[in-house]
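The values are calculated or read from the model by the stated rules, or taken from the named source; none is laboratory data. Since the model is a prediction, treat every value here as computed from it, not as a measurement. So basically every Cβ, Gly included, is an ideal-geometry build from the backbone, and we count neighbours across all protein chains shown. These accessible areas exclude ligands, DNA and RNA; they are computed on the full protein's heavy atoms, side chains included. Shrake-Rupley method; radii C 1.70, N 1.55, O 1.52, S 1.80 Å.
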Amino acid sequence: DAPVTPFDFRNGRKIKDGIQSNHPQNILVGNGYDHPIVFSKKGQNTIALSDEESGRELTVTTDQPCVVLYTSNQLAGPFSISGVKARNYLGVCLET
């Protein structure tokens, strides 16, 4: 078996694992994720995100071979989003 990296989501993982990772690929994109995550099977695949604190859940289904996971690594700026001051890691994007 290959060593588990911050890019192995087969058994679920916290998004902050990539933000806190010292893996060269996480550092390269600004300490987080901006990477395609390739599915292990072809056809319909489901991505599930959940927030322990709020209880919110998001489920996305796609027939694409991968999903790009972006953790807004460089979002800080002099603006607000819905009244919240922009900061790195404020949002997450799943690009199917």
The residue from 6, 78 that alone is under 16 Å from the mean Cα position of the chain (by Cα) and more than 18 Å from residue 96 (Cβ to Cβ) is 6
For region 82-96: of the residues being in contact with a Leu (Cβ under 9 Å, 6 or more places away or on another chain) and part of a loop (DSSP other than H, G, I, E, B), which is farthest from residue 26 (Cα to Cα)? 86
Taking the condition touching a residue at least 60 places away in the same chain (Cβ under 8 Å), within 13 Å of the chain's Cα centre (by Cα) and open to solvent by less than 60 Å² (accessible area, probe 1.4 Å), does residue 19 pass? yes
Looking at (1) open to solvent by less than 50 Å² (accessible area, probe 1.4 Å); (2) outside any loop (DSSP other than H, G, I, E, B), which is the one condition that is false for residue 46? (1)
Collect the residues in region 78-96 that are of a type in the set (Gly, Ala, Ser) and at positive phi, keeping them in residue-number order. 82, 83
Contact list, first residue from region 56-81 and more than 24 Å from residue 25 (Cα to Cα), second anywhere and not polar (S, T, N, Q), beta-carbon distance below 6 Å, six or more apart or interchain, is 58/49; 59/48; 60/47; 60/94; 79/86
Complete set of residues in region 50-67 that are touching a Ser or Thr at 6+ places or on another chain (Cβ under 8 Å) and either on the phi > 0 side of the Ramachandran plot or open to solvent by less than 70 Å² (accessible area, probe 1.4 Å) (or both): 60, 62, 67
Quick one: residue 96 ticks every box in (1) modelled with pLDDT of 95 or more; (2) within 13 Å of the chain's Cα centre (by Cα); (3) polar (S, T, N, Q) except a single one, so which number is it? (1)
Residue among 75, 94, 90 that alone is of a type in the set (A, V, I, L, M, F, W, C), surrounded by 12 or more Cβ atoms within 10 Å (Cβ to Cβ) and within 17 Å of residue 7 (Cβ to Cβ): 94
